[in-house]
1. Given the options 40, 295, 355, which has the most mean-square fluctuation in a GNM of the chain, springs set between C-alpha atoms less than 10 angstrom apart?
2. Could you pull out the GluC sites (Glu not before Pro) across the stretch 251-308 that fall in loop regions by DSSP (anything but H, G, I, E, B) with no more than 16 other Cβ atoms inside 10 Å?
3. Multiply the residue separation of residue 4 and residue 347 by 0.36 nm, subtract the distance between their alpha-carbon atoms, and state the gained length in nm to one decimal.
4. Output the peptides 148-155, 228-235 sorted from most to least packed, where packing is the average of other Cβ atoms within 10 Å over each peptide's residues.
5. If you take the square roots of the eigenvalues of the alpha-carbon gyration tensor of the stretch 93-157 and sort them as a ≥ b ≥ c, do you get rounded (a/c under 1.5), prolate (a/b over b/c) or oblate?
6. Using a 1.4 Å probe over the heavy atoms of the protein chains, calculate the carbon and sulfur portion of the accessible area of the chain as a whole percent.
7. With a ≥ b ≥ c the root eigenvalues of the C-alpha gyration tensor of the stretch 181-268, is it rounded (a/c under 1.5), prolate (a/b larger than b/c) or oblate?
8. With every atom except the alpha carbons ignored, what do you get for Rg and Dmax of the chain, in angstroms?
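The values are calculated or read from the model by the stated rules, or taken from the named source; none is laboratory data. Since this is a predicted model, take the numbers as computed values, not measurements. Glycine also receives a Cβ, built like all others from the backbone with ideal geometry; neighbour counts cover every protein chain displayed. Each accessible area value is taken on the protein alone, full model and side chains, heavy atoms only, with ligands, DNA and RNA left out. Shrake-Rupley method; radii C 1.70, N 1.55, O 1.52, S 1.80 Å.
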Amino acid sequence: MKNIDTLLVKLGRDSLEEFGAVNPPIVRASTILQPTLEAWEDANKPEFTGIKYGRKETQVTNAFQDAMSKLYGCDSCVAVCSGVASISISILSIVSSGDHILVTDSVFGPTRKFCDQVLPQFGISVDYYDPLIGQDIISLMNPDTALIFVESPSSLTFEMQDIPAIVTVAKENDVKVIMDNTWGTALHFNPFDSGVDIVVEAATKYVSGHSDVLMGLILGNGELGRNVYHKAKVMGMCCSPDDLYIALRGLRTLSLRLKQSNENGLAVSKWLQVRPEVKKVFHPALSSDEGHEIWLRDFSGSCGLFSVLLEPLSRAALNAFYNDLKLFGIGASWGGFESLIMPIDISGIRTAVPWVESGHLFRLYTGLEDPLDMIRDLERGFERIEKIDDSHNPRF
Ligand SMILES: *Cc1c(COP(=O)(O)O)cnc(C)c1O
């Protein structure tokens, strides 16, 4: 069975095992009691396949992880307490003291923080590279390079990376590649098909899908996958059974929500593109986008997360625009049922390719509201900007 919609319904559950219940049970447990001394000893043998201790797994841990690894068509998945944890744990599982790693300059902000604030403590050096570097990444590698971290598109400015080109160079040099695939999800891009070694995804976003869970996934194959799984467990990573249950429930409707959120995003982004207030829309599925060709070549779909660059605005104009929005909540994260807006300031953050665009940048996430209502909400915002009587506010 390969059809995604069918898989999303069938994966990670076995009703006959659960007395006919459609969904796996939430078993809240730290201790798992063994009936006898022999059973206790058996449970501590490496070949034991049952449930031994709540931190390692419960019924719903196995159900959700199994569903996600089958969806990606890979061998292993470990769920951890946040998307950021999936990134830090996967990196720490692979690198050793003295290693050098290459990270895309467009990487998710907290990933950069982890690389800058934690890795140096272990003698691991980090260089940031131009996200559009492609096979020229070879020029930044040295004999200590152990890992390349990719994220495509990036989650603020949506640069599309040439993943197959980077992976080819990495493989020739025995360097591992980790990809943050939160934007693509298993439905629109499978990094393993391009040879990526480890995939991380913030299940906080589209998978759980209702803005009420934090969770990260680390997926892999073969010995490396097993090793990363094992190390995540050794480092104490786990999720509560309630959160895993909610994530698994979210997964059932992932395809439908993603489709609608994406359609709404395309409608809103196309409307924005021709507005006089808008300098640029960053959305790889738009034919005008610089990454459109790579997106067309590698991805089978897009989602409702994109960014918009406005002409420079005064503080009063920004207040007027943001503070009376009715549908777009001001906040971080995305992938829920509700629309969001988030101002972005990346000036001074990027080192490989400093951000030079002038103007006000914000990120939009289009949820499941009617796209005409979303457009109306933004249109009213633009009208409020127009009304600001302020000499610093350009007139369009
Ligand atoms: C949100 C996000 C994460 C981190 O997820 P959390 O669960 O919030 O820690 C990682 N990568 C990307 C691209 C994200 O958007």
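1. Maximum among the listed residues: 40.
2. Numbers: sites: 263, 277, 290, 293; in loops: 277, 290.
Counting only loop positions with at most 16 other Cβ atoms within 10 Å, the GluC sites (Glu not before Pro) in the stretch 251-308 are 290.
3. Values: separation 343, 0.36 × 343 = 123.48 nm, distance 3.99 nm.
Contour length minus Cα-Cα distance gives 119.5 nm.
4. Details: 148-155: 25.0, 228-235: 17.2.
Output ranking for 148-155, 228-235: 148-155, 228-235.
5. Numbers: a/c = 2.39, a/b = 1.21, b/c = 1.98.
Since a/c reaches 1.5 but b/c is at least a/b, the shape of the stretch 93-157 is classed as oblate.
6. Numbers: 9420 of 17810 Å².
That share works out to 53 percent.
7. On the way: a/c = 2.88, a/b = 1.39, b/c = 2.07.
The shape class here is oblate.
8. Calculated on Cα positions, Rg and Dmax stand at 22.4, 82 Å.
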